[in-house]
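Down below is the structure, laid out as structure tokens.
The values are calculated or read from the model by the stated rules, or taken from the named source; none is laboratory data. Values in this document were obtained by computation on a predicted structure and should not be read as measured data. Only protein heavy atoms, including side chains, enter the accessible area calculation; ligands, DNA and RNA are left aside. Shrake-Rupley method; radii C 1.70, N 1.55, O 1.52, S 1.80 Å.
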Amino acid sequence: MNVTAWLFAAALAARSMDTKTFLIGLAVMSVLMYVAYRWDEKRKKKLIGEGKLIERDSGFEENTEDFTIASQCDPMVAPAVRSISFDSCRAKLVEDDGVTFVIARPKDWKAVLTRTLQDHRTCTYNFRFIQWEDNANRLHMNMLLTAVEKLFLSLDPNVKVHVRKMNVKTTYR
């Protein structure tokens with residue numbers, strides 16, 4: 001639930017002059033928070049069970065992943081990317097030139113998948129989140145990353161994945 005709604009409910013409870021009303025408001029707020037937490041956990045478990053989500057450490061969005069596949073798989077990458085159900089991540093494919101793909105959830109986050117290397121034997125694609133807000137929905141970011149990982153695994157079961165930490169800079173608006 002929205003943090004602002006919780007703060008509003010807490011302010012209303014605190015504003016009450018009656019101790020009994022305050023305690024009832026606090027209890028109701030606690031129960032709602034618990035229910036929201038349990039619902040979110042149930043939803044996550046369902047997505048993990050369906051294979052749409054992988055449980056990850058916090059800060060995964062600060063990593064960049066290189067996927068190295070056999071070069072005969074390269075022609076299949078663009079159609080496979082276009083076939084990803086971005087609606088499940090509440091995102092859209094906003095740029096697509098066949099080599100670089102930009103996926104975004106407006107006002108929340110933006111990711112890029114681009115071919116970085118190609119020779120006669122292998123082809124390497126890099127995936128990274130290039131922009132995100134502090135309050136960005138990490139669940140949808142994780143769902144997109146999981147979809148990209150599964151895409152490369154389906155194209156080449158021998159895909160080599162190299163994960164490294166990015167040098168992240170913070171900006172304020």
Next item on the list: Normalise the Debye intensity by I(0) for region 51-116, one equal point scatterer per Cα, no solvent, then take log10 at q = 0.22 Å⁻¹ and round to two decimals.
Entry: -1.19
Checklist line | region 49-143, accessible area per residue, ligands and nucleic acids excluded (1.4 Å, Å²) | finding: 53
Check: Which of the lysines could be linked to K110 by a straight reach, that is with a Cα gap under 30 Å, when you skip same-chain ones fewer than 8 residues away?
Finding: K42, K44, K45, K46, K52, K92, K150, K160, K165, K169
Notebook entry, point to check: Just the accessible area for V94, please: 1.4 Å probe, Å², rounded to the nearest 10?
Noted result: 80
Next item on the list: Express in Å², to the nearest 10, the accessible area of R43 obtained by rolling a 1.4 Å probe over the protein heavy atoms while all chains stay in place.
Entry: 70
Next item on the list: Among A36, A104, A70, determine the one that fluctuates most according to a GNM of the chain built with springs between C-alpha atoms less than 10 Å apart.
Entry: A36
Margin query: Could you compute how much accessible surface F60 exposes when probed at 1.4 Å, giving the result in Å² to the nearest 10?
Written below: 30
Margin query: If you average the alpha carbon positions of region 90-123 and of region 132-173, how far apart do those two centres end up, in angstrom?
Written below: 11
Check: For region 98-159, which whole percent of the accessible surface, found with a 1.4 angstrom probe, sits on carbon and sulfur atoms?
Finding: 49
Note to self: Please report, in whole Å³, the volume per residue of the convex hull around the C-alpha atoms of the chain.
What the structure shows: 135
Check: Based solely on its DSSP helices, what 222 nm [θ] is calculated for the chain when runs of n ≥ 4 H residues each add -39,500 (n - 2.57) and the sum is averaged over all residues, nearest 500 deg cm²/dmol?
Finding: -14000 deg cm²/dmol
